[in-house]
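Here is the structure we will look at.
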Amino acid sequence: MRGVPLRDPHGKIVKWYGTLTDIEDRKRTEQEREKLRQLEADLAHINRVNMMGEMAASLAHEIKQPIAAAMTSANSCIEWLAHEPPNLDRARAAAAKIDKYGNRAAEIIDRIRSLYKKSPSQRELVDVNEIVREIFTLLQGEATRFSIEMRTELAAELPRVMADRVQLQQVFMNLMLNAIEAMNESGGELTVTSEVQDGQLQFSVNDTGPGLPVGIVDQIFSAFFTTKSQGSGMGLAISRSIVESHGGRLWPSANDGRGASFHFTLPTEAQ
């Protein structure tokens, strides 16, 4: 409801003008849009949990490595302290290694927890190259298991972008896991690149696997479409949705030799 008075020269109200507007349809549309956003968030969370479940053995290996190294350093520290006289310099160096390996294990656990956590989208200025390195840490064991070499070609001093860190982690996780799965029988090479092109950040995930499926490239971003026996068909659909919600786009291409590449852009300006 809106009402506006008409006043005479002395300020006395002589008439009212009023309007009544029915906004039922608009409110219903807003509610449906909010339900859709919530559904997308739920599906994205389910996809992240599924990914981490598939990687459980590899992640356990990644965490065990620094813990085992810390235990070895702890034993060394005890031995140097037991010397007569105690070798404090070497004991101090061993203790520093314990601290280093303990922090590394904690970092891995924190990254896993952030992907598992179900929370509303939260945008902040992020260094996307740093996100690439984080996902490399989580996937290193998985790549080693299938004789896959991982490397990066990241542009120096890449501008920070306003983005949801966990969502971008999920995009890189989806694309890199797909690349690893494409090469899990024959091994190969996985390369992630970053650069600035036409005022936007562009990222590429390249593999040397069998390449894109012939005749169904247009379908790979459709929800529930999958070529994997155990796949949910949601990874690429969710990745494209996340990239587009950040003002970018995601697309595939065939490599000149063998394998496939997935590229996506992000605007450098806050959207």
Which value in nm describes the separation of the simple spin-label points at R113 and I78, placed 7 Å from the Cα toward the beta carbon?
2.8
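What does the highest-first list of 5-18, 129-142, 167-180 look like by mean Cβ count within 10 Å? Can you show the working numbers first?
Working: 5-18: 8.6, 129-142: 18.6, 167-180: 23.1.
Averaged packing, sorted descending, gives the order 167-180, 129-142, 5-18.
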If R0 is 30 Å, what FRET efficiency do you get for S204 and A60 from their C-beta distance, rounded to 0.05?
0.50
Cβ-Cβ FRET estimate between K100 and Q197, R0 fixed at 35 Å, reported to 0.05
0.40
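Within region 61-213, what percent of beta bridges assigned by DSSP are antiparallel, to the nearest 5?
Numbers: 11 of 18 bridges.
Among the beta bridges of region 61-213, antiparallel pairing accounts for roughly 60 percent.
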Spacing of the two label points (7 Å from each Cα toward its C-beta) at R160 and Q31, in nm
4.0
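The numbers here are math on the coordinates, done by the rules we state, and not lab data. Just so it is clear, the structure is predicted and the values come from calculations on it, not from any experiment. Methodologically, a virtual Cβ is constructed for each residue, glycine included, from the backbone with ideal geometry; neighbour enumeration extends over all protein chains shown.
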